[in-house]
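Worksheet: the structure to be examined is printed underneath.
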Amino acid sequence: MTDRALVLFSGGQDSTVCLAWALQRFDHVETVGFDYGQRHRVELACRPTLRDRIVSGFPAWSAKLGDDHLIDLTVLGAISDTALTQDAAIAFSANGLPNTFVPGRNLLFFQFAAAIAYRRDLKHLVGGMCETDYSGYPDCRDDTLKALQVAINLGLNSRLAIQTPLMWIDKAATWQLGQDLGGARFEQLIIDETHSCYLGDRSQKHAWGFGCGTCPACELRANGFTKYQAARTGQHP
Ligand code: ZN
């Protein structure tokens, strides 16, 4: 039996590294993306480019890369009042969470991913959630996703496994993982074609890729890249 996986693939750095991780491990890998009315919808446009460049540049992976699924979840944006789905400044809410938190987002993503996986006979659901240097989102917690896995499997009478390879590593280690998986060429692909910036800015290019450079997503990506580069330089003077 082949090991089949579905990667939650947004077009960002984390999910692109997760895609490479899955392509390294599993025999057949499909991708799913969600349009939830995010302000940085430009990330969705990065997805086909990334998939095309993986197919053309990484032969060992391209044979395993299966279908892509794009799900319309704009209803989530319509019922959410957040800085990711409305034109609002990014700030902390009274409950201590940043207003970039989209309530229910990852919970819904996995429910829809599970429904696709059920139909397509895919066993592993792979997501780039991370507890280490995340923005405090409760739906990125390991416990949340483990509980969700149990609920999904009970509800579907299935044995799906939620995989989160980035859960316990920081952003510098995510850069390193990309390098370990696909070398310099894959790292350049991440820099050139993935999108993290919450504001959807692709007009400015930095050493770590495109973005406004100041939103929380850009800061996390830039700081991780700096730390990763410093560690590399230290190892190879
Ligand atoms: Zn930004």
Output row, site ASP68, 7 Å Cα→C-beta label point, backbone N cut-off 15 Å, window the range 4-24, residues 7-13, 15-17, 19-20
Listed with the fewest Cβ neighbours within 10 Å leading, TYR198, TYR118 appear as TYR118, TYR198
Check: C-alpha center the range 177-207 vs C-alpha center the range 1-60, spacing in Å is 13
Across SER15, SER93, SER62, the residue with the highest GNM fluctuation in the chain (Cα network, 10 Å cutoff) is SER93
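Would you list ILE79, ILE190 from fewest to most Cβ contacts within 10 Å?
Values: ILE79 11, ILE190 25.
Final ranking by Cβ density, sparse to dense: ILE79, ILE190.
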Subtracting the Cα-Cα distance of LEU107 and ARG119 from 0.36 nm times their residue separation yields 2.4 nm
Ordered by number, the trypsin sites (Lys or Arg not before Pro) in the range 1-54 that occupy a DSSP loop and have at most 12 other Cβ atoms within 10 Å are none
Asserting the computed 222 nm helical MRE of the chain (DSSP H runs at least 4 long, -39500 (n - 2.57) per run, divided by residue count, to nearest 500) equals -15500 deg cm²/dmol
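Send over the Kirkwood Rh of the chain, from the inverse of the averaged 1/r over different Cα pairs, rounded to one decimal Å. Before the final figure, lay out the partial values.
On the way: mean 1/r = 0.0552 Å⁻¹.
Hydrodynamic radius (Kirkwood, Cα only) of the chain equals 18.1 Å.
Please report the antiparallel percentage of the DSSP beta bridges confined to the chain, to the nearest 5. Each step should come with its number before you reach the end.
On the way: 3 of 20 bridges.
Just about 15 percent of them are antiparallel.
No lab work stands behind these numbers, since they all come straight from the coordinates. Please read these numbers as outputs of a predicted model, since none were measured by experiment. Please note: Cβ atoms are built from the backbone with ideal geometry, for glycine as well, and neighbour counts cover all protein chains shown.
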